[in-house]
């Protein structure tokens with residue numbers, strides 16, 4: 001038993017060490033103002049986002065990019081609140097080129113349907129997707145413009161982080177999200193990308209079409225980001241890059257309560273069984289095994305089958321290697337102040353992680369007031 005515990009621990013330490021190495025391999029990008037401007041089509045699906053839309057719309061109005069060089073396409077997914085009125089009231093009379101489309105459901109994934117419908121209507125070749133509960137940085141489009149001219153990428157994944165972190169639950173989510181962003185950037189640095197976030201994602205329209213869009217995973221409710229990335233690297237390994245730039249930060253809010261957090265994380269976990277990327281599957285399995293090992297070791301200590309020193313050792317090793325990756329990621333995202341909650345978060349996380357993994361196997365989840373099964 002002890003041998004198995006330490007084998008899993010060693011593999012986990014090695015995995016996180018590779019992410020740390022990969023994170024450093026992705027060089028932070030410094031955008032430069034360019035006289036030549038790419039034209040972007042920004043796609044934003046929404047459903048019942050009246051509470052969040054004012055902040056998003058305000059951030060769009062402050063984008064430092066020629067208004068003649070981008071359009072914004074909103075896709076209304078059967079909203080039942082004042083979302084549509086808020087968009088039209090805020091942008092009516094502005095110089096921003098925008099339109100609102102009505103989503104047409106064709107699959108089990110409303111968001112993929114919305115994006116696909118919008119892509120058929122866009123004017124420009126470069127697509128940028130984000131979410132209606134996000135806040136966009138002023139230099140967002142300028143940063144992508146500069147990065148595209150410097151690289152030959154056909155798909156670009158950008159950084160996303162939580163803001164408005166007040167409660168412990170907020171900070172706990174922020175740590176969890178930082179770990180995902182650290183693994184995302186690390187995967188790109190290792191040239192084995194397996195994670196991406198649709199709240200900050202760019203790709204060329206003809207590239208999307210060449211991948212046949214979301215065909216093959218349209219019946220999975222979410223995953224408009226990771227599954228498209230997987231298809232991209234399967235067909236064109238070097239086509240996808242990560243934009244590691246502070247000017248490209250897209251901000252989003254943590255879930256307001258544990259019930260919403262559980263539903264969100266179950267939705268995320270439900271996607272992993274559909275991964276075709278072997279490295280992504282291995283990563284998810286090993287992280288789950290490491291957290292399960294910690295809980296099992298605690299039980300064995302409790303019943304006298306394992307000396308407590310072994311539990312203390314593997315826990316110390318885990319939180320130490322996690323700390324390095326999280327600290328590097330938090331430093332990039334300017335969130336080092338979170339570490340006052342690190343130890344408590346690290347103690348709770350194995351239980352939370354295993355609970356979500358088990359729940360995702362047997363439970364359905366809700367997303368945007370709709371129920372979904374795995």
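The values are calculated or read from the model by the stated rules, or taken from the named source; none is laboratory data. Keep in mind that this is a model prediction, so the values were computed, not measured. Counting neighbours? That spans all protein chains shown, and the Cβs are built from the backbone with ideal geometry, glycine included.
In the range 322-340, of all residues being surrounded by fewer than 19 Cβ atoms within 10 Å (Cβ to Cβ) and touching a helix residue (DSSP H, G or I) at 6+ places or on another chain (Cβ under 6 Å), the one that is farthest from residue 159 (Cα to Cα) corresponds to 324.
Residue-by-condition table, conditions (1) farther than 29 Å from residue 255 by Cα; (2) part of a helix (DSSP H, G or I); (3) in contact with a strand residue (DSSP E or B) (Cβ under 6 Å, 6 or more places away or on another chain):
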| residue | (1), (2), (3) |
| --- | --- |
| 27 | yes, no, no |
| 32 | yes, no, no |
| 36 | yes, no, no |
| 48 | no, no, no |
| 55 | no, yes, yes |
| 68 | yes, yes, no |
| 81 | no, no, no |
| 87 | no, yes, yes |
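For residue 175, state whether it is in contact with a strand residue (DSSP E or B) (Cβ under 8 Å, 6 or more places away or on another chain), surrounded by 18 or more Cβ atoms within 10 Å (Cβ to Cβ), modelled with pLDDT of 95 or more and part of a helix (DSSP H, G or I). So residue 175 does not fit the description; no.
Among the candidates 74, 19, 46, which residue alone is under 22 Å from the mean Cα position of the chain (by Cα), surrounded by 13 or more Cβ atoms within 10 Å (Cβ to Cβ), within 30 Å of residue 326 (Cα to Cα) and modelled with pLDDT of 95 or more?
19
Of all residues being part of a strand (DSSP E or B) and in contact with a helix residue (DSSP H, G or I) (Cβ under 6 Å, 6 or more places away or on another chain) in the range 222-251, which is farthest from residue 133 (Cα to Cα)? Just the residue, please. Full working, then the answer.
Narrowing the range 222-251 to residues part of a strand (DSSP E or B): 240-242, 250-251.
Next cut, in contact with a helix residue (DSSP H, G or I) (Cβ under 6 Å, 6 or more places away or on another chain) only: 240, 242, 250.
Working: 240: 25, 242: 22, 250: 10 Å.
The residue in question is 240.
Is there a residue in the range 212-221 that is surrounded by fewer than 20 Cβ atoms within 10 Å (Cβ to Cβ), part of a loop (DSSP other than H, G, I, E, B), touching a residue at least 60 places away in the same chain (Cβ under 8 Å) and in contact with a strand residue (DSSP E or B) (Cβ under 8 Å, 6 or more places away or on another chain)? Before you say what the answer is, go through the steps one by one.
To start, the set of residues in the range 212-221 that are surrounded by fewer than 20 Cβ atoms within 10 Å (Cβ to Cβ) comprises 212-213, 215-216, 218-219.
This time we only want the ones that are part of a loop (DSSP other than H, G, I, E, B), so: 212-213, 215-216, 218-219.
Restricting the remaining residues to those that are touching a residue at least 60 places away in the same chain (Cβ under 8 Å) gives 213, 218-219.
From what's left, in contact with a strand residue (DSSP E or B) (Cβ under 8 Å, 6 or more places away or on another chain): none.
No, the range 212-221 contains no residue that is surrounded by fewer than 20 Cβ atoms within 10 Å (Cβ to Cβ), part of a loop (DSSP other than H, G, I, E, B), touching a residue at least 60 places away in the same chain (Cβ under 8 Å) and in contact with a strand residue (DSSP E or B) (Cβ under 8 Å, 6 or more places away or on another chain).
Scanning the range 305-315 for residues that are loosely packed, with under 15 Cβ neighbours inside 10 Å and in a loop (DSSP other than H, G, I, E, B), we see that the one that is modelled with the lowest pLDDT is 305.
Every test in (1) at pLDDT 95 or above; (2) surrounded by 17 or more Cβ atoms within 10 Å (Cβ to Cβ); (3) not in a helix (DSSP H, G or I) is passed by residue 318 save one, and that test is (3). Counting only residues that are in contact with a helix residue (DSSP H, G or I) (Cβ under 6 Å, 6 or more places away or on another chain), crowded, with 18+ Cβ neighbours inside 10 Å and more than 20 Å from residue 4 (Cα to Cα), how many does the range 273-297 have? Number of matching residues: 2. The number of residues in the range 49-71 that are surrounded by 14 or more Cβ atoms within 10 Å (Cβ to Cβ), more than 24 Å from residue 110 (Cα to Cα) and either modelled with pLDDT under 95 or in contact with a helix residue (DSSP H, G or I) (Cβ under 7 Å, 6 or more places away or on another chain) (or both) comes to 3. Scanning the range 90-114 for residues that are buried (at least 19 other Cβ atoms within 10 Å of the Cβ) and touching a strand residue (DSSP E or B) at 6+ places or on another chain (Cβ under 6 Å), we see that the one that is farthest from residue 198 (Cα to Cα) is 91.
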